[in-house]
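Asks: My questions will all concern the structure given below.
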Amino acid sequence: MTEDELFDLLTAIEERVPLEEKPAWFEREANDLEPGEHGRASLLIAAGEHWQMRKEYDEARRCFRLAMRDGGESGSDPIANLLSLALDEGDAGSITEFDKTLRGLVRDDEVSPTTCHLVAEAYEIHDQLRQALRWYNIPFTHGYPDGEPGDAALLQGRRRVRTALGLAPDQLDVMADDLRQNRQ
């Protein structure tokens, strides 16, 4: 499956399939692919995210773990999804474990900005703002945004958290404000 075909499939399911059927639909599509085939892990993650939204945490965990075992490429690391799930469940031990694992991957330069955004938002939703700020900052620790669409989302989230923490604006916050004004 090509990246364009995967995008089209994910979009079609999101737009056309009734909400209550989405997790099972994503899983069926994933099961039609061979383990490791491009798109399979992404489909399993999408299924898990929908199970998680429905608070069916065991099903979500199962899908995220299947995506991990699959080993195929995906936009975010399934460990980030497991961390988000652990936050929803209030499982402090798993939160610590998954965060530590992801920070190790950061040190090895194996974490995408999408993964950082997912982790940061999960912490932000659970009002763990210092942790959220850490994860919003990670993609920018070695330089400035390069104009990718994901950078704007990271900058906006980072700005939101810094404001909530009462921190004075810095250069990246100014960039976030400029981006927001240019969109209006």
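The values are calculated or read from the model by the stated rules, or taken from the named source; none is laboratory data. As the structure is a prediction and not an experimental result, all values here were calculated from the model. Neighbour counts are summed over all protein chains in view; Cβ atoms, including those assigned to glycine, are modelled from backbone coordinates with ideal geometry. Heads up: the accessible areas ignore ligands, DNA and RNA and are worked out on the full protein's heavy atoms, side chains in. Shrake-Rupley method; radii C 1.70, N 1.55, O 1.52, S 1.80 Å.
Asks: Only residues that are farther than 20 Å from Thr114 by Cβ and either within 14 Å of the chain's Cα centre (by Cα) or open to solvent by less than 30 Å² (accessible area, probe 1.4 Å) (or both): list them for segment 30-59, please.
Replies: The one that is farther than 20 Å from Thr114 by Cβ and either within 14 Å of the chain's Cα centre (by Cα) or open to solvent by less than 30 Å² (accessible area, probe 1.4 Å) (or both): Leu33.
Asks: Could you tell me which numbered condition Leu154 fails, if it satisfies all but one of (1) modelled with pLDDT under 95; (2) not in a helix (DSSP H, G or I)?
Replies: Result: Leu154 passes all but (2).
Asks: Now a separate question. Could you say whether any residue in segment 83-94 is of a type outside the set (A, V, I, L, M), more than 21 Å from Leu9 (Cβ to Cβ) and under 15 Å from the mean Cα position of the chain (by Cα)?
Replies: Among the residues of segment 83-94, at least one is of a type outside the set (A, V, I, L, M), more than 21 Å from Leu9 (Cβ to Cβ) and under 15 Å from the mean Cα position of the chain (by Cα), which makes the answer yes.
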